[in-house]
Amino acid sequence: MASTLTVDNIVGRATSTDVHIPGHVIQTVNAEKTDTVSSSSTAPTFTDTGLSCTITPKFSNSKILVHVNAGLGISTAVFNMMRVVRNIGGGTFSIISEADSAGSRPAAHAGVYDGGNQGHLVMQDFIHLDSPATTSAVIYKVQLASSGGGTIYLNRSTRDNNGSAYDPRVSSRIVLQEIAQ
């Protein structure tokens with residue numbers, strides 16, 4: 001026999017903002033970048049894109065679900081990279097979810113290479129469940145770099161042909177969700 005629990009409202013012990021049910025979304029914030037930017041930085045030096053988002057967790061044990069969706073236009077014959085870095089409470093920025101890096105390989109969250117198509121625009125996704133362990137403001141931002149001698153673009157192709165049947169423009173975004181633990 002199945003049971004049914006019907007509830008019209010759940011209120012925390014002190015106020016409704018104190019509800020702390022593990023696994024539920026406490027808050028969602030987002031930022032969108034609709035203009036374009038370029039970077040000629042050579043890894044391991046990355047350039048800020050201006051795409052950033054800040055969240056202030058309500059609980060220090062919360063996880064932050066970080067979702068970045070970015071449109072990258074790539075120069076030919078060079079590797080183009082994107083990474084996400086964070087700053088906790090005004091400290092320094094550092095990469096999150098860093099892969100093991102053997103030798104002098106740069107750490108990145110997305111890499112794109114195209115030997116001959118400057119009209120190419122690639123939508124890259126990055127998703128990570130972060131554990132900043134704080135109730136201070138946490139800033140997440142997107143940075144770009146190339147392997148040298150090229151330029152990487154956000155929200156446009158390298159060619160950026162201004163024709164109705166050619167290179168589109170896109171927008172990029174960061175969505176942050178605080179997840180109760």
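K58 is checked against (1) touching a Ser or Thr at 6+ places or on another chain (Cβ under 9 Å); (2) surrounded by 22 or more Cβ atoms within 10 Å (Cβ to Cβ) and fails just one. What number does that condition carry?
If we test K58 against (1) touching a Ser or Thr at 6+ places or on another chain (Cβ under 9 Å); (2) surrounded by 22 or more Cβ atoms within 10 Å (Cβ to Cβ), just (2) comes out false.
Output the residues belonging to the stretch 124-159 that are in contact with a Gly (Cβ under 7 Å, 6 or more places away or on another chain) and over 28 Å from N87 (Cβ atoms).
The answer is S157, T158, R159.
Would the stretch 168-179 turn up any residue that is touching a Phe, Trp or Tyr at 6+ places or on another chain (Cβ under 9 Å), in a strand (DSSP E or B) and acidic (D, E)?
yes
Name the residue that is modelled with the highest pLDDT, counting only residues in the stretch 76-85 that are surrounded by fewer than 22 Cβ atoms within 10 Å (Cβ to Cβ) and more than 10 Å from the chain's Cα centre (by Cα).
Applying the filter and picking the extreme gives F79.
Just need a number here: residues in the stretch 30-47 that are surrounded by 15 or more Cβ atoms within 10 Å (Cβ to Cβ) and under 12 Å from the mean Cα position of the chain (by Cα).
The qualifying residues number 2.
For Y153, are the conditions met, namely being modelled with pLDDT of 95 or more and not in a loop (DSSP other than H, G, I, E, B)?
It is false that Y153 is modelled with pLDDT of 95 or more and not in a loop (DSSP other than H, G, I, E, B).
Looking only at the stretch 81-114, which residues are of a type in the set (D, E) and within 14 Å of F46 (Cβ to Cβ)?
Within the stretch 81-114, just E98 meets the criteria.
For the stretch 160-181, which positions are at pLDDT 90 or above and either touching a Gly at 6+ places or on another chain (Cβ under 6 Å) or closer than 30 Å to T135 by Cβ (or both)?
V170, S172, R173, I174, V175, L176, Q177, E178, I179, A180, Q181
Does the stretch 161-177 hold any residues that are touching a residue at least 12 places away in the same chain (Cβ under 8 Å) and over 16 Å from M123 (Cβ atoms), and which are they?
N161, Y166, L176, Q177
Of everything in the stretch 143-170 that's over 12 Å from S39 (Cα atoms) and among the aliphatic types (A, V, I, L, M), which residue is surrounded by the fewest Cβ atoms within 10 Å (Cβ to Cβ)?
Among them, the one singled out is A165.
The values are calculated or read from the model by the stated rules, or taken from the named source; none is laboratory data. This one's a predicted model, so the numbers in the text were calculated from it and none came from an experiment. Backbone-built Cβ (ideal geometry, glycine too); neighbour counts: all protein chains shown.
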